[in-house]
Amino acid sequence: MPENTNVLVQLSDPHVVAPGRLLMNQIDTPALLAKAVASVLTLQPPATAVVVTGDLVDRGSADEYAHLQQLLAPLTCPVWLMPGNHDSINSMRLAFPEHAELTPLADEALSPFVLWVREAAGLRLIALDTVVEGAAHGTLCEHRLAWLDRSLAEAPRQPTIVAMHHPPFATGIEHMDGIGLRQGTDALADLLRRHPQVERVICGHLHRPIVRRFGGTVAMTVPSTAHQIVLDLRDGGPAAYRREPSGYALHAPLDGAVVSHWVTVGEYGPTEFYA
């Protein structure tokens, strides 16, 4: 990869809790996010920008968002936020007034959602809000889909990544598929086929790395910076979590396309060794 390659980092599902708390009385999610941020700061080349694809905090409270702000502060590149089902969009907007991407759109039908377009790492990044207020599952209404269609039409030749919280495909993890994207999946697939510049659909929510072809492109989920969901593909498999290694993804333009890498956070033996 060329030395000047730009890199877009994707963090997801940190589920930050208030200081002094543990998630489910077991997981120190703030400490794990701090380790992920420290890992991002060691990347070579350095990250051009960071996007956090939802479930920024666990309960959507002001003290959690204040804690999140402290944890992300070491990042010197642009950091862009989008909500997941655990977030409160109103609280996010109050906690991060300097984040222009959270500003409501003028269109009244779209103003409840976090929808934005940014450019970084030689790519166009489009955030597509899938949140249903007060619910765990996601949806895409006709207004959000029409906005995405218009946004993609503005730059038909620029390699583009669409970021969502809920993945637009079933994963086989039954309890998570039950709170997946319940509306708009087929319409989204049809829309993406009309815009071949979309190199990747990047998602969170699943707390696991999963890849599937979707809508003529590649859709993927990434690990959580905190806990992971147990890989159980049985019918009726229970909702369960485990302390698997946390991680994140990075996406970089290469040879006119996008290459994505998963990064594991933590030390597992020597940092580097050579044959």
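Testing Val117 on (1) surrounded by fewer than 23 Cβ atoms within 10 Å (Cβ to Cβ); (2) over 25 Å from Arg200 (Cα atoms), one condition comes back false. Which one is that? Every condition holds for Val117 apart from (2).
Is it the case that Ala136 is in contact with a helix residue (DSSP H, G or I) (Cβ under 8 Å, 6 or more places away or on another chain), surrounded by fewer than 24 Cβ atoms within 10 Å (Cβ to Cβ), outside any helix (DSSP H, G or I) and of a type outside the set (D, E, K, R)? Answer is no for this residue. Remark: Ala18 falls outside the filter, which requires a residue to be part of a helix (DSSP H, G or I) and over 17 Å from the mean Cα position of the chain (by Cα). Annotation note: of Glu174, Glu244, the sole residue that is acidic (Asp, Glu), touching a strand residue (DSSP E or B) at 6+ places or on another chain (Cβ under 7 Å) and either closer than 21 Å to Val40 by Cβ or touching a residue at least 40 places away in the same chain (Cβ under 8 Å) (or both) is Glu244.
So which residues in the range 28-56 are in contact (Cβ under 8 Å) with a residue 12 or more places away in the chain, outside any helix (DSSP H, G or I) and under 21 Å from Glu244 (Cβ atoms)?
Selection gives Val52, Thr53, Gly54, Asp55, Leu56.
For the range 48-76, taking the residues that are surrounded by fewer than 22 Cβ atoms within 10 Å (Cβ to Cβ) and among the small types (Gly, Ala, Ser), the one that is nearest to the chain's Cα centre (by Cα) is identified as Ala49.
No lab work stands behind these numbers, since they all come straight from the coordinates. If you're wondering where the values come from, they're calculated on a predicted model, not measured in any experiment. FYI the Cβ positions are ideal-geometry reconstructions off the backbone, even for glycines, and counts take in every protein chain you see.
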